[in-house]
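The values are calculated or read from the model by the stated rules, or taken from the named source; none is laboratory data. Source: prediction; values computed, not measured. Cβ atoms come from the backbone with ideal geometry, glycine included; neighbour counts cover every protein chain shown. Areas reflect the complete protein model, heavy atoms only, side chains present, ligands, DNA and RNA absent. Shrake-Rupley method; radii C 1.70, N 1.55, O 1.52, S 1.80 Å.
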Amino acid sequence: MASNSLASLKTSASEKLAKYTSTSLAYAFNTYDHRGDIDAPLAPSDVLMANLLSLQLSGRDVIPLFSEGDGPAQRLRHALDNALVNLQKARSFESYETLDELEQSLESLAQANTAAIPVKWWTAVTVSKVLHRRRPHIVPLIDSRVRDFYGARRPAHIRRALWEDIRENLEWLTNLAATQNTPDGHRLSVLRLADILIWTP
């Protein structure tokens, strides 16, 4: 798989952003990018909102997380809640000076990815799409398009490629992100913008 760079998307970036954030086209921005109560623990609706990014989660994937017990599904929910708490006040993804520093800040995300392994139908992709909506400044989205764009499969390798790429293109990405607010009035994060540019045809 080839490795690409956000620099290759610079000339079409404004058009891609306008397309994805349009209120008349069928993209997820005007629904998924409502963060809800950022201080609240994970709710069933938070999990189901990830379906707006092409997942197919159903009751079988959500109900066990919120059932009583201490099985893999309940441990996953606790790990997701822990990540939400730990990452709420984390610095933005691109602000870390070293990859090691970034990875240390994302330890709770890595723990959630590990907790997802024994839960059927859950992967690091699922975790990223659930958590990114509430923590768009620090949790990168992982899906097939991002994997193909960077020619990487493992979450840690994708994070590295994305972090390096964003930092290399930070000035114009920051300027473009500043032109767009989310539907609930927050400034669009550079990390969210990067995913929009990679994903939008």
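Would you mind counting up the charge near N169? Only other residues with Cβ under 12 Å from its Cβ, with Lys and Arg at +1 and Asp and Glu at -1.
-3
Once you charge only the Cβ atoms, +1 for Lys and Arg and -1 for Asp and Glu, what is the size of the charge dipole of the chain about its Cα centre, to the nearest 20 debye?
420 debye
Which whole-number percent is the relative contact order of the chain (Cα, under 8 Å, 6+ apart)?
30 percent
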Nearest 20 debye, what's the magnitude of the dipole of the stretch 56-163 about its Cα centre given +1 on Lys and Arg Cβ and -1 on Asp and Glu Cβ?
360 debye
Gyration tensor on Cα atoms of the stretch 1-41, a ≥ b ≥ c root eigenvalues, a/c under 1.5 rounded, else prolate if a/b beats b/c, else oblate, says oblate
Rounded to whole Å², per residue accessible area for the chain with a 1.4 Å probe reads 48 Å²
Given P44, S8, A73, which one lies farthest toward the positive end of the charge dipole of the stretch 8-153, if we put +1 on the Cβ of every Lys and Arg and -1 on the Cβ of every Asp and Glu?
S8
Per-residue SASA entry for I63, accessible area with 1.4 Å probe, Å² rounded to 10
110 Å²
Measure off, as a whole percent, the carbon and sulfur share of the 1.4 Å-probe accessible area of the stretch 32-143, all protein chains present.
55 percent
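Quick one: how many lysine pairs in the chain have C-alpha atoms under 28 angstrom apart, if they're 8 or more apart or on different chains?
Count of close lysine pairs: 6.
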To the nearest 500 deg cm²/dmol, what mean residue ellipticity at 222 nm is calculated for the chain from DSSP H runs of n ≥ 4 alone, each contributing -39,500 (n - 2.57), summed and divided by the residues?
-15000 deg cm²/dmol
For the chain, which span is the longest to avoid every loop-located (per DSSP) member of trypsin sites (Lys or Arg not before Pro) having at most 10 other Cβ atoms inside 10 Å?
1-88
Once the other residues with Cβ under 14 Å from the Cβ of K129 are scored (Lys, Arg +1; Asp, Glu -1), what is the net sum?
+2
Percent of all alpha-carbon pairs of the chain at distances over 32 Å, whole number, is 11 percent
Separation of alpha-carbon centers, the stretch 62-128 and the stretch 3-42, rounded to whole Å
22 Å
Which percent of Cα pairs goes in each bin when the distances of the stretch 1-103 are cut into 5 angstrom slices starting at zero?
2, 9, 13, 15, 18, 17, 15, 8, 3, 1, 0
